[in-house]
Amino acid sequence: LNYEKTPVGSVAGTAPDFRGNDGSLVSVLRTLLFFTILMITLPIGLYFASKSFLFEAFLGYSNNDSYFYAAIVAVLAVHVVLALFVYVAWNEGSRQQREGKQD
């Protein structure tokens, strides 16, 4: 039996580092921050803009009706932002996987 002390990093067969490089982490965080801001601002902005300008001023709906239709616009905006986020995240993941296979 050989009980030599070896540093942990020098042991053959250690687990690989799956964190990636710092550039990919920054890219992922930047994408997440962008879509978080978009998820907060776009539905709220579209709600108030469509309620005031589109449904009340342009189409002449009542105040109660404009609340309902503006909420539908906001919900649709949330779904669009979520779909865009999934699309970008899917493409970013496959791009990083392709770059990793070339190494």
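Answer yes or no: is there a residue in region 9-20 that is acidic (Asp, Glu), open to solvent by 90 Å² or more (accessible area, probe 1.4 Å), under 23 Å from ASN91 (Cα atoms) and modelled with pLDDT of 65 or more. No - not one qualifying residue is present in region 9-20. Considering (1) open to solvent by 60 Å² or more (accessible area, probe 1.4 Å); (2) modelled with pLDDT under 90; (3) in a helix (DSSP H, G or I), the lone condition that ASN2 does not fulfil carries the number (3). Note on region 55-79: residues that are in contact (Cβ under 8 Å) with a residue 12 or more places away in the chain and either aliphatic (A, V, I, L, M) or outside any helix (DSSP H, G or I) (or both) total 7. Inspection of region 82-92 finds a residue satisfying the criterion of being under 17 Å from the mean Cα position of the chain (by Cα), open to solvent by 100 Å² or more (accessible area, probe 1.4 Å) and either aromatic (Phe, Trp, Tyr) or modelled with pLDDT under 90 (or both). Against the condition surrounded by 12 or more Cβ atoms within 10 Å (Cβ to Cβ) and modelled with pLDDT of 95 or more, how does LEU38 come out, does it pass? Answer is yes for this residue.
The values are calculated or read from the model by the stated rules, or taken from the named source; none is laboratory data. Source: prediction; values computed, not measured. Every residue, glycine among them, receives a Cβ derived from its backbone with ideal geometry; neighbour counts consider all protein chains shown. For accessibility, only protein heavy atoms count, side chains too; no ligands or nucleic acids. Shrake-Rupley method; radii C 1.70, N 1.55, O 1.52, S 1.80 Å.
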